[in-house]
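Presented below is the structure to which this report refers.
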Amino acid sequence: MAINATIARVTARIAARSRPYRGAYLHRLDAANHAGVQRGALSCTNLAHGFAAFPANDKLKLKQDKSLSVAIVSAYNDMLSAHQPFARFPEIIKDAVRGAGGVAQFAGGVPAMCDGITQGQDGMELSLFSRDTIAMATAVALSHNMFDAALYLGVCDKIVPGLLIGALHFGHLPAVFVPAGPMTSGMSNAEKVRIRQLYAEGKLSREDLLEAEAKSYHGAGTCTFYGTANSNQMLMEAMGLHMPGAAFITPNTPLRDALTAAAAKQALKLTAHGGQYTPVGRLVDEKSIVNAIVALLTTGGSTNHTLHLVAIAKAAGLIVDWDDFSELSSVVPSITRIYPNGSADVNHFHAAGGTGFVLRELLDAGLMHDDVLTVLGDSLYAHCTQPRLNGDLVHEGVRWDPVPHASGDDTVLRPAAAPFAPDGGLKLLSGNLGRAVIKVSAVKPQHRRVHAPARLFDTQEAFMLAFHAGRLDGDFVAVLRYQGPRANGMPELHALTPALGILQDQGRHVALVTDGRMSGASGKVPAAIHVTPEVLAGGPLGLVRDGDMILLDADKGILEAQVEAGEWTRRAPPSADLAANGVGMGRELFAMFRNAISAAEEGATTFGLPPVLTAAENTQNTTETVKETL
């Protein structure tokens with residue numbers, strides 16, 4: 001199938017605007033690759049430090065300049081359910097690599113925090129910054145230059161983007177991402193929402209709520225709703241960075257172990273000496289980034305990826321903006337219904353056909369690029385499969401079968417020719433309040449346009465106090481300011497979701513407009529989020545006053561304050577004392593992030609695009625090109 005014209009146009013546009021940065025990135029990627037095994041560049045003293053504590057046989061292999069070495073970079077901790085299963089993975093990986101003639105070393109751990117635990121707490125203000133911290137920790141782990149490839153163990157919100165950003169700064173090394181899988185299904189999502197709303201209305205006790213939450217989040221693995229964590233896994237599949245179908249196999253099962261071992265063996269094959277050298281910096285290009293955006297859109301994934309995919313692209317020398325997301329969304333159909341965009345969880349989605357079905361449908365419809373590098377080769381069609389145990393686990397491992405032609409449940413997963421909606425459900429809003437994104441895949445059509453007076457708040461707590469005091473009468477647009485990355489780290493604002501949902505259910509026309517985040521749990525209430533520029537950076541959202549009429553029209557892409565032009569220009573931005581945002585719960589340590597971070601549409605990053613080539617590098621590049629031509 002020929003590629004869709006819009007997909008092709010957006011891809012070409014990204015490539016064109018990125019050319020000087022991408023060229024510089026690839027030049028430095030090639031320069032970083034050592035002619036032999038990577039550790040061959042180390043001195044004897046360096047190398048001796050690198051294997052001093054290793055078992056004798058592995059140490060002997062590392063002394064030689066022949067055996068390949070694989071790094072393990074892991075987000076393991078045993079508090080977070082999604083990452084607890086990783087405790088077992090290093091030994092599985094080491095055994096598999098050893099059996100294939102190489103050596104695997106645990107190169108380093110990266111922090112992993114859970115937005116579900118920090119939600120509504122001061123610690124949440126470190127959440128977005130943890131992504132770049134993870135990228136830096138990944139760089140520290142790989143800085144020893146001992147490794148020919150790397151396996152990255154991570155699942156949740158900022159962890160996978162941070163790992164990939166770190167990996168791309170070592171883009172000469174092949175990378176395979178290894179997930180842990182979702183927990184088994186617990187309480188239904190519909191029941192969970194019902195109980196949360198009853199608690200918000202004061203009709204259930206804290207004990208009742210805690211008992212319900214414990215039935216929802218009850219074991220090892222990722223939370224089963226389709227938030228940022230599970231969106232991460234979908235995107236790694238769409239970018240060809242997973243072994244096919246690895247995303248949603250539950251932890252601590254024979255198939256999960258077999259996939260982990262298969263990933264370890266595949267990493268060896270991707271090295272410069274393994275027969276199919278595939279450095280991650282070349283695997284992640286403009287086509288794979290577009291494929292990731294398409295996968296996000298077609299599945300109604302997390303709005304956090306309007307930040308993370310921009311940041312990932314930047315790390316590879318590519319420039320992506322929200323116009324790209326919006327234009328792609330106009331032609332990519334919604335083919336899944338997974339909570340919060342439906343009632344099913346990711347286990348139900350996986351049983352209905354899962355990631356392989358989604359990729360196959362999009363490729364067949366010309367909505368994804370097939371001609372991309374992946375961890376399996378040079379075709380994304382190789383990932384349109386589902387893993388199965390192939391006889392005895394120890395000796396035969398895993399095989400991949402074609403995904404079924406038809407969905408196993410068309411209330412959850414549909415073919416691209418018969419979608420739930422003709423577009424991807426993610427919209428760009430713009431107007432005199434700036435630029436914002438809105439996820440409408442879970443918002444009913446009758447709620448997508450709200451024209452109502454503004455109610456101003458500077459904290460979630462202030463909104464909730466007004467809600468519980470019964471002061472939120474009539475229709476309104478809640479304008480929540482000072483929630484951007486520079487102001488307080490851009491925490492997620494889910495404390496507002498049950499309250500706004502209750503008011504909407506009561507017949508009010510309500511919406512949220514904020515320079516903060518809502519993420520993968522963005523639900524049925526229209527929310528214009530990531531408003532850029534943020535208020536602290538002089539954004540016009542700071543000019544809104546209580547009672548101003550606000551128009552949020554998701555269908556037409558409008559976000560504006562309907563204020564007379566002269567009055568609007570006379571207004572001055574407000575002053576706010578944000579000193580308290582910088583102290584307590586470790587926030588002092590992250591002052592440099594708040595001071596240096598880029599705008600949301602630029603990925604909210606503390607790093608920039610690769611510097612363009614210097615005159616000396618350009619001369620070297622030209623000389624090498626001439627030699628290759630001759």
Q) For labels at residue 364 and residue 568 in the simple 7 Å Cα→Cβ model, what's the distance in nm? A) 4.8 nm
Q) Stokes-Einstein at 25 °C, 0.890 mPa s, Kirkwood radius from Cα pairs: D for the chain in µm² s⁻¹? A) 98 µm²/s
Q.
Over all directions, how big on average is the projection of the convex hull of the alpha-carbon atoms in region 101-221, in square nanometres?
A. 9.6 nm²
Q: Please name which of 219, 510, 477 has its Cα lying farthest along the dipole of the chain towards the positive end, using unit charges on Cβ (Lys, Arg +1; Asp, Glu -1) and the Cα centre as origin.
A: 219
Q. Expressed as a rounded percentage, what relative contact order does region 168-282 have, with Cα pairs under 8 Å and six or more residues apart?
A. 42 percent
Q) Residues with beta-carbon under 15 Å from that of residue 209, excluding residue 209: net charge, scoring Lys, Arg +1 and Asp, Glu -1? A) 0
Q) If you average the sequence gap of Cα pairs under 8 Å that are 6 or more apart and divide by the length of region 48-105, what percent do you get for the contact order? A) 36 percent
**Q.** For region 89-204, with +1 on Lys and Arg beta carbons and -1 on Asp and Glu, the positive-most of 123, 197, 149 along the dipole
**A.** 197
Q. So which lysines pass the test for residue 61, namely a Cα distance under 25 Å, with those fewer than 8 places away in the same chain ruled out?
A. 94, 265, 269
(Q) Give me the percent of accessible area attributable to carbon and sulfur for region 82-217, probe 1.4 angstrom. (A) 56 percent
Q) For residue 314, which lysines qualify as cross-link partners when the Cα separation must be under 24 Å and same-chain residues fewer than eight apart are set aside? A) 158, 287, 427, 439
Q. Kyte-Doolittle mean at least -1.0 and Cα extent at least 20 Å along the axis: which DSSP H helices of the chain qualify?
A. 5-32, 127-142, 254-269
**Q.** Relative contact order (%) - criterion: Cα under 8 Å, at least six apart; region: the chain
**A.** 15 percent
Q.
Could you report region 1-118's accessible area per residue, 1.4 Å probe, as an integer in Å²?
A. 47 Å²
Q.
For a quick check of understanding: with a 1.4 angstrom probe and all protein chains in place, what accessible area in square angstrom does residue 106 have, to the nearest ten?
A. 100 Å²
Q: Would you please state the base-10 log of I(q)/I(0) at q = 0.09 1/Å for region 37-164, with intensities from the Debye formula using one equal scatterer on every alpha carbon?
A: -0.30
Q: Among the GluC sites (Glu not before Pro) in region 151-227, which ones are in a DSSP loop with at most 14 other Cβ atoms within 10 Å of the Cβ? Mind listing them?
A: 201
Q) Along the charge dipole of the chain, Cβ charges K/R +1 and D/E -1, which of 308, 233, 25 sits furthest on the positive end? A) 25
Q: Quickly work out the residue 462-to-residue 95 label distance, labels modelled 7 Å from Cα along the C-beta direction, and quote it in nm with one decimal.
A: 5.7 nm
**Q.** Rounded to the nearest 20 debye, dipole of region 181-302 from Cβ charges on Lys, Arg, Asp, Glu
**A.** 220 debye
Q. Which percent of the accessible heavy-atom area of region 300-402 goes to carbon and sulfur, probe 1.4 angstrom?
A. 52 percent
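The values are calculated or read from the model by the stated rules, or taken from the named source; none is laboratory data. Owing to the predicted nature of the structure, the values given are computational and were not obtained by experimental measurement. Cβ coordinates were reconstructed from backbone atoms using ideal geometry, including for glycine residues, and neighbour counts include every protein chain displayed. Surface areas here come from the heavy atoms of the whole protein model, side chains and all, with no ligands, DNA or RNA. Shrake-Rupley method; radii C 1.70, N 1.55, O 1.52, S 1.80 Å.
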